[in-house]
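Here is the structure we will look at.
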Amino acid sequence: MDEYGNSGEGRATRRDEAVRAAVEQGLLGPDSPIVGLLDVTGIRESAAELRAAFAEVTAPGTPVLHAFAVKATPLVPVLRLLRDEGIGAEVASPGELALARAAGLSPAETVLDSPAKTPAELREALALGIAVNADNPQELDRIDGLVRSAVSRSPLGIRVNPQVGGGSIGATSTATATSKFGVALRDEGAREWVVRAYLDRPWLSRLHAHTGSQGIPLPLMAQGVAETYALAEEINRRIGRPQIDTIDIGGGLPVNFASDVTAPTYAEYARALREAVPGLFDGRYGLVTEFGRSLLAKHGTIVARVEYTKSAGGRAVAVTHAGVQVATRTVYVPGSWPLRITAYDGKGRPKSGPEVVQDVAGPACFAGDLLAEGRALPLLDQGDYAAALDTGAYYFAHHYAYNSLARPGIYGFVPAHAGGVRFATVRDPQTLTSIVAESGGAHAGALTTLHAPGSR
């Protein structure tokens, strides 16, 4: 049992029931061979665990905003569900902001972070009163001009890079010496520039840092927060008043992809932070967090029908409808992003029997399109289903249109009161008409009308 009651065993039971129900109710089958499933009960539990973990370590009355990193699962119904569970939104593009607004997130519940904000994006955010963290000196110059030209209610801050180092996955380590994010504090003159920026701008009231996500150990995450807190203390001391009133500690809690157990937990991280940075929680600073993967990953499952089975070089191969289009990171970097695979029979029931080493392949036309290679599972047969677990973040909501493969339908589920499972559509399956439209179908003859001078 995870802290605050989120049971890995309970998740597995709900998942098995949902797969069977999806087959019985026709969400999965020969004509709909791939779906994404979201465990609504599990999502609610994770949101409650996050709120409870930080409530346990913060002084009473401390303002805390938990802003979900929309990039992790950019689906409007998910953002609405999280909003109803007390979770805001951290957005990093005009598209993500549009999703958050469509989900009903208020400006006060929204934070804008991006390394490439345009003047128009900044202008919109400041007009709405959305919190903005400037990524670099040039962006701060842009904000200077906007603040001079119009009154804004937006809380404003600067993102810094504490340069505490990386974890086991370089691509998700954002506090390395050469990270593209934030102002690199250990570069010559950078720390003094940050202090001076606050001294010169009384309206700067926040400080933001994010050490990384998957592959970052808790001590390194805590060190990044400690460095940011120390800088806030230094700035307020230099100014002579508590100008910085809120510290945004980012997100990045790693996810255990090896089992159904949630590890580490939000409670473990919050306690580690309290031990490493006790002053952060004494009520002098408001807090913002930006967790993404850890809120959603373990509550999503990709289920794909086995279309064919074969043998190659003495190894069994199950060809399914889930591959690079829904599991891009796993297919291209399997060593860093391995997924657990569970076998279900044609009726959606967990499959038993002797384990056989086999490949679980996707539908894309290149040899490396494998969900799992050399994996020991009950032998998958034609018409069975292979489920990729822990895929609720950065998987089926991030479609990669290789071979013009259609985006799968996504369905949320909860246990029904009288037994069974209730589903709700989160995103409709993509149609062939939509694929053609998105591929320039309305402009089919456009290129044939262009001719270089003298070519005809």
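Here LYS71 is the anchor, and the aspartates and glutamates within straight C-alpha reach of less than 14 Å, apart from those fewer than 8 places off in the same chain, are GLU90, GLU96, ASP113, GLU290. For the chain, the longest principal axis of the alpha carbon atoms and the long axis of helix 119-128 meet at an angle near 80°. The candidate values are (i) 23.9, 78; (ii) 21.4, 69; (iii) 34.4, 116; the one derived from this structure for Rg and Dmax of the Cα atoms in Å carries the label (i). Computed as a quarter of the hull surface, the mean projected area of the alpha carbon convex hull for region 298-431 stands at 8.7 nm². Karplus-based coupling profile of region 315-325, in residue order and whole Hz: 10, 6, 10, 9, 8, 10, 9, 10, x, 4, 5, with θ = phi - 60° in 6.51 cos²θ - 1.76 cosθ + 1.60 and x standing for Gly or Pro.
Using 7 Å Cα-to-Cβ label points, what is the VAL147/THR433 separation (nm, one decimal)? Placing both labels 7 Å along Cα→Cβ, they lie 5.0 nm apart. Note: relative contact order over the chain, using C-alpha pairs below 8 Å and six or more positions apart, is 18 percent. Here the contact order of region 298-431, divided by its residue count and restricted to Cα pairs under 8 Å and six or more residues apart, works out to 29 percent. Between the beta carbons of GLN25 and CYS365, assuming R0 = 30 Å, the FRET efficiency works out to 0.40 to the nearest 0.05. Near ALA89, the amide H atoms lying under 5 Å from its own belong to PHE68, THR110, VAL111; only residues 5 or more places off or on other chains count, and H is placed 1.01 Å from N.
Taken together, the values in this text are just the output of simple stated rules run on the coordinates, not laboratory data. Source: prediction; values computed, not measured. Neighbour counts are summed over all protein chains in view; Cβ atoms, including those assigned to glycine, are modelled from backbone coordinates with ideal geometry.
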